[in-house]
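Remarks on the structure that follows.
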Amino acid sequence: MSGKILLVGNWKMHLNVSQASLLVQRLHERTRTHRNLEIVLAPTMLTLQPLSLQIDRRKFRLAAQNAYPKDEGPFTGEVSFTMLRDLVHYAIVGHSERRKFFHDDLPMVRDKVKAAVRNEITPILCVGETQHERREGLTRRVLHDQVTTALQNLTAREVMEVVVAYEPVWAISTFQGEYARPDDVAECMRYIRHQITQLYGEHVAQAVRVIYGGSVDGSTVRGYLELPECDGALVGHESINPYHFAAIIDAAYRMQVSQAHEA
Ligand code: PEP
């Protein structure tokens, strides 16, 4: 872990504008004293603009859950990274729900990562194996293919800015929602950094932030955050409840405070 702990709440297709506004208000109240954490909210596209006016920017940052890689054109129903550039710091790219339900394949994920970077938006690149791939012993191959393809068109300097979220698909609440052992997560995170080292060198790989996602809650988050390989967490289901998300933020904050005392 280097720098601030990064906690990202992916609200998926939940919460309308007023529900989202209420959540932010409650979350703000419950995390008033929690400093030195980077808390990122990823609401639906519709909610980004109103939330951008509401949030305390010293406390929260915004992320898009998705965007289209072309800057503009005849692409009915889509929103480009260009249109989001002044609104969000981050964009989630390659989430397993997008890969599975919307067929975002490796080239599409690569193009989205590039488009995000081109528009000065930091991609949160989600990678991870399915249960089937894990059972077949294909985890490393999947991570290799997802990481190397997604970063293909970036310079070393650009890669340093990317956040990689290791999200085993079988651990995400949408799918099997199984508990991933921190030891196993650490091994995959090391492998991800190893891949980046092979491509761009040690210096770049150490700069990349790698976070964990998959059924994280207030009682499990610390087990992941304590891993030296881990820079934060991507939280889905538990982030749409202000009390549950605040419990995760609180656990991260307490860990940070206790580590500072020990140092
Ligand atoms: C996610 O969707 O990125 C995620 C981690 O979801 P959940 O926490 O609900 O498993």
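Tabulated data for the structure shown
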quantity: Close pairs (6 angstrom Cβ cut-off, 6 or more residues apart or separate chains): among the charged types (D, E, K, R) in segment 1-27, within 16 Å of the ligand (Cβ to nearest atom) anywhere; calculated: R26/P242
quantity: Hits in segment 115-130 (condition: under 19 Å from I192 (Cβ atoms) and out of contact with any helix residue (DSSP H, G or I) (no Cβ under 7 Å at 6 or more places or on another chain)); calculated: I124
quantity: Test for V221: is it within 14 Å of the ligand (Cβ to nearest atom) and under 13 Å from the mean Cα position of the chain (by Cα); calculated: no
quantity: Wholly within segment 167-261, helices (runs of 4 or more DSSP H) carrying at least 3 residues that are of a type in the set (A, V, I, L, M, F, W, C) and open to solvent by less than 10 Å² (accessible area, probe 1.4 Å); calculated: 182-200
quantity: Breaking point among (1) away from the ligand (no atom under 16 Å from the Cβ); (2) of a type in the set (G, A, S); (3) surrounded by fewer than 23 Cβ atoms within 10 Å (Cβ to Cβ), for A116; calculated: (3)
quantity: Any hit, segment 143-157, residues being farther than 19 Å from Y200 by Cα, within 16 Å of the ligand (Cβ to nearest atom), open to solvent by 10 Å² or more (accessible area, probe 1.4 Å) and not in a loop (DSSP other than H, G, I, E, B); calculated: no
quantity: Criterion: under 24 Å from R135 (Cβ atoms) and within 13 Å of the ligand (Cβ to nearest atom) - qualifying residue of Y191, Y212; calculated: Y212
quantity: Any chance L22 is assigned to a helix (DSSP H, G or I) and open to solvent by less than 10 Å² (accessible area, probe 1.4 Å); calculated: no
quantity: Residues of segment 172-184 satisfying the condition of being modelled with pLDDT of 95 or more and closer than 23 Å to Y90 by Cα; calculated: I172
quantity: Residues satisfying the stated conditions in segment 100-113, i.e. charged (D, E, K, R) and either open to solvent by less than 50 Å² (accessible area, probe 1.4 Å) or not in a loop (DSSP other than H, G, I, E, B) (or both); calculated: K100, D104, R110, D111, K112
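The values are calculated or read from the model by the stated rules, or taken from the named source; none is laboratory data. None of these values were measured; they are calculated from a predicted model. Here Cβ is always computed from backbone atoms with ideal geometry, including for glycine, and neighbour counts include all displayed protein chains. Protein only, heavy atoms only, side chains kept; ligands, DNA and RNA dropped before computing areas. Shrake-Rupley method; radii C 1.70, N 1.55, O 1.52, S 1.80 Å.
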